[in-house]
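What follows is a single structure, written as structure tokens, with notes after it.
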Amino acid sequence: MQRRAVTVRGVVQGVGFRPFVYSLASQLGLRGLVRNRGGEVAIEIEGEASLLDQFLDELRRHPPPLARIDSIAWKPATPQKDDAFRIETSAKDASSQVVISPDVATCRDCCKELFDPKDRRYRYPFLNCTHCGPRLTIVTGAPYDRERTTLAAFTLCADCRAEYEDPGNRRFHAQPIACPVCGPQLELRDAVGRPVETDDPLQAFAAALLAGRIGALKGLGGFHLVCDARREDVVRELRRRKHREEKPLAVMVRDLAAAETLGELSLQEKQLLASPQAPIVLLRKRSLMSMPLADAVAPDNPYLGILLPYTPLHHLLLAAVDGVPLIMTSGNRSDEPIAYENDEALQRLAGIADLFLLHNRPIHVRCDDSVTRVIGGAELPVRRSRGYAPQPLRLPRPTPAPVLAVGGQLKGVFALACGEQAFLSHHLGDLDHYAAFRAFETDVALYEKLFSIRPEWIAHDLHPDYASTRYALARGLPRIGVQHHHAHLASCLAEHGLDEPAIGVTWDGTGMGTDGAIWGGEFLVGDCATFCRAAQLRYVGMPGGEQAIREPWRMAVAHLRDAGCSVTVLQTRVAESALRTVEAMWERRFNTPFTSSMGRLFDAVAAITGLRTQVAYEGQAAMELEWAAATATSDIVYPWEVVEHQAAPGGPATGAQGMVIDTRPLIRAVVEDACKQVEPARIARRFHSTLIELVASVCNRIRQQTGLITVALSGGVFMNALLTEEVAARLTREGFRVLRHQRTPPNDGGLCLGQAAIAARKLLGV
Ligand code: ZN
Ligand code: ZN
Ligand code: FE
């Protein structure tokens, strides 16, 4: 007879771990207890040595579906002679920090019940269990139990209570447990918010969608606008009402088989679609779809954002429309935050939705769908939100004091770091929007409460006008300012568990540099402690500042003039007077900050080739350049020059400088091709090939100077699949060790992780 004190670390809380341990121990006739302790699970187990071994072996080999075990350690303990095995609840263990799990897509068992006419939860849109259902979106406080969720107002019926209290039941301590007798209910409203009399709100809603109506559906983390994805007229009408001209819309399909009829699916993509996180997965469109979608779903886009039903309500809806693919796009007008409260939705979506399918289970934390894709055999996250947040990532070095890292601006995500864990928030959108900023403030406070982390330091971007920076200043805590691209580099290192010197190819649209210029085409050398700028793109003016981001032709003017070319190549697409004005701005440096941005170079090339002179959404010009390039084969590369150790010509005086990549020869060659009527796709391909050569050549120079062989690819430009895949392959061939983002997005959505890692290193003082 032995007793062992076992510690299990990893993702082990809020994933049904304790009931799992309970039933395993009970099956083997073992005695003892299990409880949450800090972020880990502590088990005391007593019985015959061989059975204890068997228990540990089984735990290691077959953990519950949502758990991820990092380590199991045990030491001998004094036998206690308990009568049985028991679960010690959080209430008895006030010191324990209960980790809040992300929301989990409806599990197989619950799906079976949902469509089983004999089950008491048959067609009940809010069923869930310990292995699935809402989590982050319904939590109002800590510790995580029913009283501190938005289900607090629903008193459990006797049947639900019995399940909830039975350690052997699939719903043991499933906080959002509900049934048709005691749980939330659906309600249908018309376009002006009046209740609609119907026996079956869901069926009525589905019928309206099939009749070409646009519906607003209250989902897990907010409202979706929903309509028939096959109908051109309906999808166009949705775009018109939502003021979303061209940005692609996500499509929900019934199952993997249906997804396969629309997009080309690899095994990995199938796994992602069907995962408990249920993200939107960007898939290559099939040329021949068996059930054609409206062109307006993702116009001129070779990719399609597909997702599977992830709540019982979605499953029921897709069944009710008989598997017709549905547009499932965030319930908002253009770029505002997604609506999530009933009254708010009725107000804000008035004029967009023809009818509303509401329910009375409040959403406490607004949470957008996550977006991801697979490139080169690995995941490349686009937006890490529902299903992933607030799952912590591990910092390469533990922080000695709790840190709040506030992230950037356009893709608001913050991180709370404590010890070695960094809890990354859900996506909060563009913090320029007041509503998004308000959500940022309240959700920071909520996360601090949920994880009982009281930050002592705050890490922020150097940009003084980011709302997150202003928040950091107002917070009154000691601050650590982090350069934007240093944070990108550190973010990529951190998600690989590294903090060691590396070459950081940090390419994005814009980020505040240490010299007051706008950076974005940098080669940094550094780790989480420090960095230097080993190379940069040559500075050019950005006529009109922010406006140049929306109007890529302005960057074309700047690059053309910088390269000594005439702007006549733009004449057919841009009004003469506008060209003259912007040229004059550029000449006089009026509202024309300097930038070394790679994103802006993409813009310039897209405009010169005639692919795009204005954008309807962020990054559109660069994406279209990528898609065009993908249709052509690689032949030649354009020239460029590297100037060693010289102050950037024309740029602000910055003291120490690394290499400057002179893009003027490249621009001249692009103009020459454009004048020779070379197809835009071919020019786009040559441009990409040039960048791949450029990365290899500059990284080789840096390797010669520093001996470094690790290269981290980060920044929004590395959302570009073609570039990322080919750069990674090329560098690997040249003997580099390439790190790219696989768990956080390379764009500013991943910034906070880097800020947290840098702050941790600073505070450690090593
Ligand atoms: Zn379930
Ligand atoms: Zn019930
Ligand atoms: Fe950035």
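Some observations on this one:
- Hey, residue 117 surrounded by fewer than 20 Cβ atoms within 10 Å (Cβ to Cβ) and closer than 28 Å to residue 273 by Cα or not: yes
- Top-ranked residue of segment 534-551 - restricted to ones that are more than 15 Å from ligand 3 (Cβ to nearest atom) and in a strand (DSSP E or B), ranked as nearest to residue 586 (Cα to Cα): 541
- Test result for residue 506, polar (S, T, N, Q) and surrounded by 22 or more Cβ atoms within 10 Å (Cβ to Cβ): yes
- Only one of the listed residues (316, 326) is surrounded by fewer than 23 Cβ atoms within 10 Å (Cβ to Cβ), aliphatic (A, V, I, L, M) and either over 21 Å from the mean Cα position of the chain (by Cα) or more than 24 Å from residue 247 (Cα to Cα) (or both). That residue is 316.
- Any hit, segment 196-211, residues being away from ligand 1 (no atom under 16 Å from the Cβ), touching a residue at least 40 places away in the same chain (Cβ under 8 Å), closer than 23 Å to residue 446 by Cβ and surrounded by 17 or more Cβ atoms within 10 Å (Cβ to Cβ): no
- Considered as a group, the residues in segment 482-512 that are more than 23 Å from residue 700 (Cα to Cα) and touching a His at 6+ places or on another chain (Cβ under 6 Å) include one that is nearest to ligand 3 (Cβ to nearest atom), and that residue is 511.
- Residue check, residue 515 in contact with an Asp or Glu (Cβ under 9 Å, 6 or more places away or on another chain) and either of a type in the set (D, E, K, R) or away from ligand 3 (no atom under 13 Å from the Cβ) (or both): no
- Single residue of segment 120-169 satisfying the filter (surrounded by 19 or more Cβ atoms within 10 Å (Cβ to Cβ), over 21 Å from residue 22 (Cα atoms) and within 13 Å of ligand 2 (Cβ to nearest atom)) that is farthest from the chain's Cα centre (by Cα): 156
- Residues of segment 528-553 satisfying the condition of being crowded, with 21+ Cβ neighbours inside 10 Å and among the acidic types (Asp, Glu): 551
- Test: residue in segment 181-193 that is within 16 Å of ligand 2 (Cβ to nearest atom), surrounded by 23 or more Cβ atoms within 10 Å (Cβ to Cβ) and over 23 Å from residue 333 (Cα atoms): yes
- Matching residues, segment 729-751, being touching a helix residue (DSSP H, G or I) at 6+ places or on another chain (Cβ under 8 Å) and either within 16 Å of ligand 2 (Cβ to nearest atom) or assigned to a helix (DSSP H, G or I) (or both): 730, 731, 748, 750, 751
- Residues located in segment 151-182, provided they are part of a helix (DSSP H, G or I) and either within 16 Å of ligand 3 (Cβ to nearest atom) or out of contact with any helix residue (DSSP H, G or I) (no Cβ under 9 Å at 6 or more places or on another chain) (or both): 158, 159, 160, 161, 162, 163, 165
- Looking at 466, 471, just one residue is over 21 Å from residue 644 (Cα atoms) and within 15 Å of ligand 3 (Cβ to nearest atom), and that residue is 466.
- Number of the exception - residue 322 against (1) outside any strand (DSSP E or B); (2) under 24 Å from residue 412 (Cβ atoms): (2)
- The residues of segment 369-403 that are in a strand (DSSP E or B), closer than 19 Å to residue 426 by Cα and among the charged types (D, E, K, R), listed by number, are 373, 379, 383, 394.
- Residue within segment 190-201 that is closer than 15 Å to residue 351 by Cβ and either within 16 Å of ligand 3 (Cβ to nearest atom) or hydrophobic (A, V, I, L, M, F, W, C) (or both) present: yes
- Residue check for residue 253: more than 30 Å from residue 67 (Cα to Cα), over 19 Å from the mean Cα position of the chain (by Cα) and among the β-branched types (Val, Ile, Thr): no
- Residue 357 meets each of the listed conditions (1) assigned to a strand (DSSP E or B); (2) within 29 Å of residue 266 (Cβ to Cβ) apart from (2).
- Long-range neighbours under 7 Å by Cβ, at least six apart or interchain, first residue on the phi < 0 side of the Ramachandran plot within segment 721-737, second modelled with pLDDT of 95 or more and of a type in the set (Phe, Trp, Tyr): 724/718
- Members of segment 517-536 found to be more than 21 Å from residue 603 (Cα to Cα) and either touching a Ser or Thr at 6+ places or on another chain (Cβ under 9 Å) or not small (Gly, Ala, Ser) (or both), listed by number: 524, 525, 527, 528, 530, 531, 532, 533, 534
- Enumeration of residues in segment 154-170 that are within 16 Å of ligand 1 (Cβ to nearest atom) and either of a type in the set (Val, Ile, Thr) or within 21 Å of residue 24 (Cα to Cα) (or both): 163, 164, 166, 168, 169, 170
- Residue pairs whose Cβ atoms lie under 8 Å apart, sitting 6 or more positions apart in sequence or on different chains, and linking a residue in segment 570-594 that is over 12 Å from residue 553 (Cα atoms) to a partner that is among the β-branched types (Val, Ile, Thr) and surrounded by 12 or more Cβ atoms within 10 Å (Cβ to Cβ), are 585/592; 586/557; 586/592; 593/518; 594/518; 594/540.
The values are calculated or read from the model by the stated rules, or taken from the named source; none is laboratory data. Because the structure is a prediction, the values reported are computed rather than measured. With ideal geometry, Cβ positions are generated from the backbone for all residues, glycine too; neighbour counts draw on all protein chains shown.
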